[in-house]
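Structure, as structure tokens:
The values are calculated or read from the model by the stated rules, or taken from the named source; none is laboratory data. It should be emphasised that the depicted structure is a prediction, and the values quoted were computed from it without experimental measurement. Here the Cβ positions follow ideal geometry from the backbone for every residue, glycine too, while neighbour counts run over all protein chains shown. Just so you know, the surface numbers come from the protein's heavy atoms only, side chains and all, with ligands and any DNA or RNA stripped out. Shrake-Rupley method; radii C 1.70, N 1.55, O 1.52, S 1.80 Å.
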Amino acid sequence: MNRKVTGNERVNFLNTTTNPTRGRWSLWLVIYVVATALSMGVSYLLFKQEMAGWALLWRGVLGLFVLIWLTRGVMTFYELPWVRRFGMVMLSLELALIPGSIAWITGHYGLMTGVGGVWLMAATFGVGLFVIRLLLLPGIAVFGVARTLIDEAIRMKIALVFIMGVLLVTPMLPFLLDAGERLNYRMEFFLVWSLGITSLMLSAMTVFLACGTITNDLSQKHVFMTLAKPVGRAQYLFGKWLGIALLNLLLLTVAGAGIYTFARYMQMQPARDAQDRFVADYGILVARRAVPPLPPESMNLNQQVEDRIAKLQQQDPDQYGGDLSVAEFNAVRGKIVQQWHTLGTRDTQTFVFTDLLPAKSIDAPLQLRFKPQSVRTPPGELVKLAFWFNGRPWPTYEGRHYNPGQIVDDTYHVFDLSPSIISADGVLEVRIQNVNLDVPDATWDSSVSFTPGSGLELLYRVGSFGPNLTRTLLITWVRLMFLATLGLAAGTFLGFPVACVLTLMVYFTAVASGYITESLENFVGLGASAMPMWDRILWFPKTFFARLAEGEIWSAIKIPIRMLGQTFVWITPAFSSYNPTPLVSDGRVVPTSMVLGAMLKIGVVWSGIVGVLGYVIFRKRELARVIV
Amino acid sequence: MTQATMEMEDQLGVQKASGREVVLQCTGLTKVFRDFWLRNRVRAVDGLDLDVRRGEVFGLLGPNGSGKSTTIKMVLGLLHPSAGRISVFGKRPDDVKTKEQIGYLPEESHLYRFLTARETLDYYGRLFHQNRVTRKRRIDELLHMVGLDAVQRRPVGEYSKGMQRRIGIAQALINDPQLLILDEPTSGLDPLGTRQIKDLIVSLKERGKTILLSSHLLADVEDVCDRVSIMFGGKVRRHGTVDELLTEGGASLIQTHDLTQEAVDAIEAVLVAHGTHIDKIDRPRQKLEKLFLDIVQQAQTEGVATGGARSGRAIAAFLQSGGDGTQPGDADGKTQGNVGDVGGVIEGLLRSSEETLDKHADKRAGESGGESGGGGKNDAVGHDASASAETKPQADDVETPDRNVIDSLINPDKRSGE
């Protein structure tokens, strides 16, 4: 209900201690606009007159005055909604403009771009936040809880620190990298680190926010007020989850837009040489599919596997008698495949890449990526290989097979090929000959092998960087949502510190699940890699008691340690199986199967189980403690 | 017994209750808190039987730790009873739908410190599925009512305890509840706020709302409650209407204007003739509450600024319709003016402000039982003769202008003709 301001209620300008809205905001605004125009306009004119020093001084002094004036005005007229919004936007802009314009005057254009990027991302975040608030405007209880959680995240410092981190890292990272480094390395480094840090920051924010919001509501008894209203406990938990989900979605969108923009910006920077430019343009900001080779039909790989198994059964009927398990069959097959990928001295082997019609139809080069590993060559030495693509020697020089010379051992190499080299039926036969004995003075046997899978593969473009990055961010979001569910569930029955420790423990286990499994295997080997599941389970108690009986105490104690570790890894979703960052930073397509797998296994199954558990605990929980 | 059967019985219980409908019923309600080893640690509530009827103000009275708050938390579904049954509007307390009709003010205002007053009320409005327009209107009215409209953009964390209490009261009313549960509502409030809460309770009761009031402040309960249960050790020790519990036999009170010694002697003679005598003649003092209210009124008339809460004003318009759609002060359902217009209500109050001031002063004198009067004009005479029922005000007899006297007292802007 508005009241007229009477004589004795009028207060002096900027001296409105009782009701700040009563001051003369118009005067404040006029002075602000004039000072800003003077600050920027005069410094621009001075700069154009090649008086950079004076321009810097003018901009610095008046810019500081504008900043103070603006801050004072926002504080004074905070009660006026438009001043609050306008002031916050201009304050952030001013904070960016002062260092930005100083960087521009002093010629630090990289820093200027970085500062501009930070402001732009922060502004985008602000706009996104406004949109989310609008979306949550309808009178729905879940929306109310979600919106309050977002307010909590923004206004309580715990989450804001991580949000600021996300908004700062991406724009500043390109300018922190060594400008003398190859462009493609810098781009790859930028993608790996910006995605990694964003994911880490948001994970930490999610854990602290999810655990903190529930435990704080319980300890501060906010939950009494909320759950005394027509809000079910499931709705309350879902509202919290929705708030975190929307906040993460917004932050990932802003971070993704920043990463995309700055990756493109980096792509426009000068490259060291033509090869550097080629990789930057065709090897990183793309989505390429990797195709493994098939053996030629003449090789009859399956027949070779059967022959090998028959031979093993004959030689060692105790070990290989009867039907082989899948693991044993795969082990035998793996050895045959490895042999096929190994070239003895003067040997030639053919590798067939099929279904390449999509690669032929696009106007982009293919890449043959390989890493030769010689058996006895000293590290860093050279190996010598000759290549034929669909029968044509490569590379050629004046119509003849040009001796490829030496290739550094144990290092990845990439051959860029024209799509025209693929046959009309979409096949590319790659023949490789190990010509190592031609190396003068060679005294060693230098067989060369390629690791099946990543050691020899053909890459061709199937999409662009944008959708690939989107898929990456989607998987990251699914992982964050699992963390949110876990944090909320932990908060329903644990205190804040313990809930955080539990959630972080699961997070780190999930991220490093592959490494931990390998470490546990090294800590205590199971003795047989292809052991069926039940045998593996029974192996633990049997071995434990056997070692105790033998008096090997420490060796026995390691068994339950491994069992516990293995169990913890088993009940934790394997984030490492759904890690798209190495793919996107290497210009490889993030497969849709990985996105769907992450959504189904992490987003639906794991999050669902944890969420239901959390709800059941919360439903049974008494919210009040003894107060008598 | 299945849950459906229990609910059906509860429904029947509501229907068949004699007289007024039973809104809240507890039967054999027991709450035992256990420790980690599941050993019984505290029996907070022990076999409590309670029924609260529609339209009454029911007081739960008891010292700290008597089980009042625990009972309320069980009624709200925040705690699970160890034994016994609770029926709220004929349903189980954990039924989410039931809570649409309940307003709750806990013993402390557990508000989000980072939200402003407006955002706080907006949050609770959303929990009641109110649309944006309704929320905005109600929030404006409630903020005005509790006197926090000038500081509505400040985070609640910066509020004093009394201001937080006012927001707590506003949130409890945002859904225009049929059952209002107030746990120590006047805790942390200044006398002005306390008076307003008591007036608000009586106003809401007049409009057909049911109120469950828990307090250990005896004066609060005595002033506004129809029926009272006095608890101790988790059990109800005494139960009944305020009059039943408080009426003293064997003494009478006569209040009159200033008496001369001759008049006193004459009265004494009459009483002696009737076989009794005067025990005490006293000259009442002004109550501190009234003195305080006068000082605040004077300060506001002079336009003294304050950074805290302003005095609360007229009851929010949306709260003025009765539970059955009737309007304030209109038991027959007839509408007296546009009650949705807060300004109209205030104007109505202003017209009778002088009259209500006098009435209020008289009423307080009556309530004080011989210790207060009309500014020293009256004497109170204690007498052991027959009772004079007119001198003891009854809760049901309170007139609407009298209840709303606080509105006119604390609205200096209107009083000064702005």
Next on the checklist: Over the range A:467-620, what is the relative contact order in percent, taking alpha-carbon pairs closer than 8 angstrom and at least six residues apart?
Outcome noted: 46
Item to check | Within 10 Å of each Cβ in B:34-43, the average number of Cβ atoms from other chains | outcome: 1
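Please go through the residue pairs B:Lys97/B:Lys198; B:Lys205/B:Lys280; B:Lys91/B:Lys205 and name each one whose alpha carbons sit more than 30 Å apart in this structure. Before the final figure, lay out the partial values.
Details: B:Lys97/B:Lys198 28 Å; B:Lys205/B:Lys280 37 Å; B:Lys91/B:Lys205 22 Å.
Among B:Lys97/B:Lys198; B:Lys205/B:Lys280; B:Lys91/B:Lys205, the Cα-Cα distance tops 30 Å for B:Lys205/B:Lys280.
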Checklist entry - Under 5 Å between amide H atoms, partner at least 5 residues away or on a different chain: which partners does B:Tyr104 have, H built in plane at 1.01 Å? => result B:Ile181
Checklist entry - Based on the Cβ-Cβ distance of A:Asn330 and A:Ser298, what FRET efficiency does E = 1/(1 + (r/R0)^6) give at R0 = 30 Å, to the nearest 0.05? => result 0.80
Item to check | Accessible area per residue, Å², the range A:168-278 with all protein chains present, probe 1.4 Å | outcome: 35
Checklist entry - Suppose R0 equals 41 Å; then what is the FRET efficiency for A:Leu64 and A:Ser219 from their Cβ-Cβ distance, rounded to the nearest 0.05? => result 0.45
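Share of chain A's accessible area from carbon and sulfur, percent, 1.4 Å? Can you show the working numbers first?
Numbers: 19680 of 30870 Å².
Roughly 64 percent of what the probe reaches on chain A is carbon or sulfur.
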Checklist entry - What is the set of long-range amide H partners of B:Ser252 at a cut-off below 5 Å, with H atoms built 1.01 Å from backbone N? => result B:His383, B:Asp384, B:Ala385
Checklist entry - What residues does the range A:139-186 have that are buried by at least 50 Å² of accessible area in the full protein assembly compared to the chain on its own, 1.4 angstrom probe? => result A:Gly139, A:Thr148, A:Arg155
Item to check | Label-to-label distance, nm, for residues given as B:Trp37 and A:Tyr78 (7 Å Cα→Cβ offset) | outcome: 5.2
Item to check | Phi-based couplings in Hz for the range B:192-204 (Karplus 6.51, -1.76, 1.60; Gly and Pro marked x) | outcome: 5, x, 4, 4, 5, 4, 5, 5, 4, 4, 5, 4, 5
Item to check | Exercise: per-residue mean of other protein chain Cβ atoms within 10 Å, B:65-71 | outcome: 2
Item to check | Hz values of 3J(HN,Hα) by residue in the range A:343-354 - Karplus curve (6.51, -1.76, 1.60), Gly and Pro given as x | outcome: 10, x, 4, 6, 6, 10, 10, 10, 10, 10, 10, 10
Checklist entry - Taking N as the number of residues in the range A:467-620, what value does Rg over Cα atoms divided by 2.2 N^0.38 Å take? => result 1.25
Checklist entry - Which helices, taking whole DSSP H runs in chain A, have alpha carbons extending 30 angstrom or more along the helix axis plus mean Kyte-Doolittle at least -1.0? => result A:25-48, A:52-76, A:81-105, A:109-135, A:183-219, A:233-267, A:465-491
Checklist entry - If Lys and Arg each add +1 and Asp and Glu each add -1, what is the summed charge of the other residues whose beta carbon sits under 10 Å from the beta carbon of B:Tyr159? => result +4
Checklist entry - In terms of the Cα gyration tensor, with a ≥ b ≥ c the square roots of its eigenvalues, is chain A rounded because a/c is under 1.5, prolate because a/b exceeds b/c, or oblate? => result oblate
Checklist entry - According to a simple spin-label model (label point 7 Å from Cα along Cα-to-Cβ), what is the distance in nm between A:Ile537 and A:Ser593? => result 2.9
Checklist outcome for this item: The alpha-carbon pair-distance distribution computed for the range A:68-155, with 10 angstrom bins and whole-percent values, is 16, 32, 32, 15, 4, 0
Next on the checklist: Give me the summed buried accessible area for the A-B pair, 1.4 Å probe, to the nearest 100 Å².
Outcome noted: 4500
Next on the checklist: On a 20 Å Cα-Cα criterion, which of the cross-link pairs B:Lys31/B:Lys235; B:Lys136/B:Lys209; A:Lys620/B:Lys235; A:Lys240/B:Lys136; B:Lys99/B:Lys209 come out too long?
Outcome noted: B:Lys136/B:Lys209; A:Lys620/B:Lys235; A:Lys240/B:Lys136
Checklist entry - Based solely on its DSSP helices, what 222 nm [θ] is calculated for chain A when runs of n ≥ 4 H residues each add -39,500 (n - 2.57) and the sum is averaged over all residues, nearest 500 deg cm²/dmol? => result -20000 deg cm²/dmol
Next on the checklist: If I take every Cα pair under 8 Å that is 6 or more residues apart in the range A:20-165, average their sequence separation and divide by the length, what percent do I get for the relative contact order?
Outcome noted: 17
